[in-house]
1. Can you give me the distance in nm between label points at residue 306 and residue 25, each placed 7 Å from the Cα along the Cα-to-Cβ direction?
2. In Å³ and rounded to a whole number, note down the convex hull volume per residue for the Cα atoms of region 327-386.
3. Which residue, 265, 257, 142, has the most motion in a Gaussian network model of the chain that connects Cα atoms within less than 10 Å?
4. For the chain, what % of the accessible area comes from carbon and sulfur atoms, probe 1.4 Å?
5. Within straight cross-link reach of residue 163, meaning Cα distance under 27 Å, which lysines are found once same-chain residues fewer than 8 apart are removed?
6. Kirkwood hydrodynamic radius for the chain: how many Å is it when counted over pairs of different Cα atoms?
7. Of the candidates 250, 31, 141, which one comes out as most mobile in a Gaussian network treatment of the chain with C-alpha springs shorter than 10 Å?
8. With unit charges on the beta carbons (Lys and Arg positive, Asp and Glu negative) and the dipole taken about the Cα centre of the chain, which residue among 346, 70, 44 sits farthest to the positive side?
Amino acid sequence: MKLILKLLAGIVAGILVGLFAPDLLVQILITMKALISQLIGFTIPLLILFFVTSGIANLPKNSGKLLGKTVGLSYLSTMGAGAMAYLVASQVLPSVLHSPGEVSDAVRTLSPLIDLKIPPIMGVMTALAVAFIFGLGITATNSDTMRKLSDEGRNIIELFLSKVMVPSLPFYISGVFADMTIQGTVFSTLKTFTFVLVLIIALHWLWLSLQFLTTGALLGRSPFKLLKNMLPAYITAIGTMSSAASLPVTLRQTQANGVKKPIANFVVPLCANIHMSGSAISITSVCVAVILVTGNATVPSFIEALPFIGMLGITMVAAPGAPGGAVMAAVGLLGSMMGFTEAMIGLQIALHLAQDGFGTACNITGDGALALWVDKFADEAVSGETGVTGTETDATSSEQVA
């Protein structure tokens with residue numbers, strides 16, 4: 001919550017500087033924005049390389065088909081949520097959002113005082129390809145040295161994000177809004193904030209309702225009771241904005257829904273890193289809003305956006321536990337696949353972080369639904385192997401598989 005307050009303060013400061021401060025002060029903010037933007041662009045490939053490599057290399061071993069089903073369910077849920085959000089946002093938002101071309105304020109532009117370039121060491125897709133090769137290779141060869149290298153690289157990047165990048169975001173956002181203010185587009189942009197955030201939270205709850213209604217109907221459980229049991233985890237995630245910080249509560253509430261402890265211990269920590277349905281909803285919805293507000297491009301059709309949605313579910317694997325990890329991992333895709341400019345990326349980050357807690361809450365609450373399915377798969381796997389039925393299977397099957 002402190003980060004949200006700092007971001008709001010950055011927005012207000014940026015607008016006030018753009019309206020009343022001398023050009024030199026505006027240029028200082030714009031220069032800070034440009035430098036931080038270069039750091040973001042440099043860091044994203046490293047984030048993808050180390051986090052995705054480490055995430056794949058540290059998937060639980062000897063779990064067989066159960067692991068495959070868990071990963072498959074997580075990816076389908078993440079991609080399905082992103083697809084639903086894009087379809088809804090691309091239909092709803094164009095009728096209520098307008099590009100700044102309608103704004104009649106005087107337009108002027110200022111350049112950064114220093115134009116410093118920090119080229120990334122590799123492209124986003126290259127980083128993703130290398131991460132998959134090494135992640136799968138580490139798993140196949142069981143190389144402890146390479147696994148330790150990927151883990152320590154991940155820790156270094158996470159430390160850089162938490163100590164440098166996240167604290168600098170209020171200054172970055174302030175520079176973005178100061179720039180928009182002098183260009184005369186800031187107030188038309190601000191009008192979209194409330195509506196977009198309300199739409200995103202509504203889509204979160206729509207997806208959670210679909211998850212638990214389907215789970216309850218097919219497993220013969222009350223979806224309302226299942227969802228009610230997960231509410232403490234949902235509320236915890238809103239405050240912490242971190243799946244990792246919410247993990248103890250998520251585990252407890254998942255077990256309260258009847259998921260056996262070994263299965264909960266297996267599924268919940270894994271899904272905290274790979275199941276990002278709420279983040280996918282947030283990023284795709286904000287993406288459509290930013291395109292419409294900036295007027296820099298037309299909204300791609302659903303078919304055109306589908307590759308972006310599919311890649312989004314992969315790049316967010318093992319996104320860092322620090323607030324804003326998902327959108328930072330997605331920045332590279334927004335630039336390479338959706339054609340986002342620096343200003344568009346700044347808006348994307350600001351809008352996403354304003355609701356980051358709700359996206360995280362949707363992620364971890366959905367983990368509870370996936371755990372119920374994996375628990376069911378475990379029961380079916382053991383009963384199929386042993387031929388045991390009834391209460392005896394229910395009491396022992398999940399523990400045997402886990």
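1. Modelled inter-label distance: 5.2 nm.
2. 100 Å³
3. Of the options given, 142 has the highest mean-square fluctuation.
4. Whole-percent figure for carbon plus sulfur exposure: 67.
5. 2, 6, 33, 117, 148
6. After inverting the pairwise mean of 1/r, the radius is 22.0 Å.
7. Its mean-square fluctuation being the largest, the pick is 141.
8. Towards the positive end, the residue furthest out is 70.
The values are calculated or read from the model by the stated rules, or taken from the named source; none is laboratory data. Everything numeric in this text was worked out from a predicted model, so none of it was measured. Glycine gets a Cβ as well: all are built from the backbone with ideal geometry, and neighbour counts include every protein chain shown. Quick note on the areas: whole protein, heavy atoms, side chains included, nothing else; ligands and nucleic acids left out. Shrake-Rupley method; radii C 1.70, N 1.55, O 1.52, S 1.80 Å.
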